[in-house]
1. Test B:ALA139 against the stated conditions and say whether it is closer than 29 Å to A:GLU110 by Cα and either among the aliphatic types (A, V, I, L, M) or in contact with a strand residue (DSSP E or B) (Cβ under 8 Å, 6 or more places away or on another chain) (or both).
2. Residue by residue through segment B:62-114, note down the ones that are β-branched (Val, Ile, Thr) and either more than 11 Å from every other protein chain (Cβ to nearest Cβ) or out of contact with any Phe, Trp or Tyr (no Cβ under 6 Å at 6 or more places or on another chain) (or both).
3. Quick check on this structure: which one of A:ALA60, A:ALA70 is open to solvent by less than 30 Å² (accessible area, probe 1.4 Å) and closer than 22 Å to A:GLY128 by Cα?
4. Does B:LEU158 satisfy the criteria of being open to solvent by 10 Å² or more (accessible area, probe 1.4 Å) and closer than 16 Å to B:PHE137 by Cβ?
5. Consider segment A:111-120. How many of its residues are open to solvent by 10 Å² or more (accessible area, probe 1.4 Å) and assigned to a helix (DSSP H, G or I)?
6. Just to confirm my filter: which helices (runs of 4 or more DSSP H) fall fully inside segment A:9-68 and include at least 2 residues that are more than 12 Å from DNA strand D (Cβ to nearest atom)?
7. Cβ-Cβ below 8 Å, separation at least six or inter-chain, first residue in segment A:157-178 and more than 7 Å from chain B (Cβ to nearest Cβ), second of a type in the set (Ser, Thr, Tyr) and buried (at least 24 other Cβ atoms within 10 Å of the Cβ): which pairs?
8. Looking for whichever is open to solvent by less than 20 Å² (accessible area, probe 1.4 Å), in contact (Cβ under 8 Å) with a residue 60 or more places away in the chain and in a helix (DSSP H, G or I) here; the options are A:GLY123, A:GLY133. Which one fits?
2 protein chains.
Amino acid sequence: MARSTRESILTAAAELMRRRGYAGVAMKDIADASGAPIGSLYHHFRGGKVQIAREALANAGAAYGLLIPAVVDAHTDLGEAVQAVFDQAADDMAASGLVNMCPVASVAAEVADTVEELRQTAGEIFDGWITGGTAYFVARGVDEGQARDLTTAVIGGLEGAFVMARTLRSVEPLRAAGRVLAPQYRGTILAVRERVR
Amino acid sequence: MARSTRESILTAAAELMRRRGYAGVAMKDIADASGAPIGSLYHHFRGGKVQIAREALANAGAAYGLLIPAVVDAHTDLGEAVQAVFDQAADDMAASGLVNMCPVASVAAEVADTVEELRQTAGEIFDGWITGGTAYFVARGVDEGQARDLTTAVIGGLEGAFVMARTLRSVEPLRAAGRVLAPQYRGTILAVRERVR
DNA sequence: GTCTATAGCGGGATAGAC
DNA sequence: GTCTATCCCGCTATAGAC
């Protein structure tokens with residue numbers, strides 16, 4: 001159960017960055033939140049702050065990539081599945097005090113034009129989400145082109161609604177996005193599938 | 001034609017912040033980009049960096065609020081209008097080297113939990129966009145609830161797709177969002193209306 | 001109202017004892 | 001592998017000459 005120092009540093013960094021972005025988090029903040037002293041941060045991550053951010057984003061990206069399939073798994077109607085994804089996000093965000101935004105978009109928006117390494121890492125995560133989501137929907141019988149557009153739009157819709165929700169202090173944008181996106185997929189029945197992965 | 005010093009400071013700040021966010025822009029950067037020395041920034045904006053950001057966001061917010069109606073004005077089919085909004089955004093972004101993201105979301109995502117005054121300003125801008133967009137669609141015959149959801153989803157979809165587009169260095173997410181959102185509104189005919197405002 | 005110089009602070013990063 | 005002390009730089013903001 002005892003997580004390694006390395007792991008707790010990454011967890012703390014991801015948690016802080018999803019709230020305050022990249023520049024808004026100081027190495028000292030990560031040290032304090034993780035319980036490790038500054039020296040340990042540089043011991044475990046020679047590349048300093050950028051490296052910590054890269055690994056923290058990659059971890060968070062992998063974790064978040066599982067969420068959409070997990071929610072959709074419980075549904076056979078695609079419209080209901082889409083609505084459930086946005087409602088689940090709204091519930092999670094409300095439960096965590098309107099703070100539950102993934103760190104990937106937060107950091108990506110901020111550094112896309114300044115820290116090339118981080119842009120690239122975030123880009124790979126988005127790519128992975130799109131590829132993974134597309135494969136998931138294809139495995140459940142959706143046409144590939146449509147699966148890709150849907151996945152891209154859902155991810156973009158979630159990220160945009162997260163920003164609005166935090167700023168407006170209301171999860172209504174998430175629910176509205178669900179209400180708008182879901183109806184046209186109602187009646188599209190998802191195939192049962194072999195366990196993927 | 002000669003803009004005031006005040007105005008050029010705000011323009012420079014908005015331009016920089018839409019690319020680098022709030023923390024990523026230094027007062028010196030704004031001074032250099034606007035041509036005004038540091039002292040002038042504090043002369044015109046007693047509230048320092050936060051005040052400059054607030055006014056820059058408010059200006060940009062007002063300007064961006066006109067864009068969606070301007071694009072939709074040219075259409076009578078709501079589905080075509082929605083597609084046109086996303087395609088226009090994609091074209092603009094491509095034309096400007098994938099950098100044309102509005103500063104409101106950039107800054108909002110970063111400071112929503114840390115600089116309350118900026119969160120509030122950004123929140124007012126989102127509110128204004130939603131209210132204005134809803135009124136516009138209602139004036140063209142759309143049901144109020146649907147108009148509000150559509151406006152919210154379009155704004156969120158644009159902001160999320162902007163982040164993805166910059167990060168992936170491709171405008172494809174914007175076009176995908178349009179392809180997903182537009183179809184269900186195809187066939188909904190917008191009413192001609194008296195000039196609004 | 002314009003501009004320079006600088007104060008004062010907090011940032012990332014490092015060295016080196018333990 | 002842990003932790004402290006410290007360096008150096010760049011940031012916001014101010015003072016005050018012009």
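The values are calculated or read from the model by the stated rules, or taken from the named source; none is laboratory data. It should be emphasised that the depicted structure is a prediction, and the values quoted were computed from it without experimental measurement. Cβ: placed from backbone, ideal geometry, glycine included. Neighbour counts: every protein chain shown. Accessible surface is based on the protein model in full, side chains and every heavy atom, while ligands, DNA and RNA are left aside. Shrake-Rupley method; radii C 1.70, N 1.55, O 1.52, S 1.80 Å.
1. Criteria not met by B:ALA139.
2. Hits for segment B:62-114 are B:ILE68, B:VAL71, B:VAL72, B:THR76, B:VAL85, B:VAL99, B:VAL104, B:THR114.
3. Answer to the selection: A:ALA60.
4. So B:LEU158 passes the test.
5. 4
6. The helices (runs of 4 or more DSSP H) meeting that bar are A:27-34, A:48-65.
7. Filtered contacts from segment A:157-178: A:GLU172/B:THR152.
8. A:GLY133
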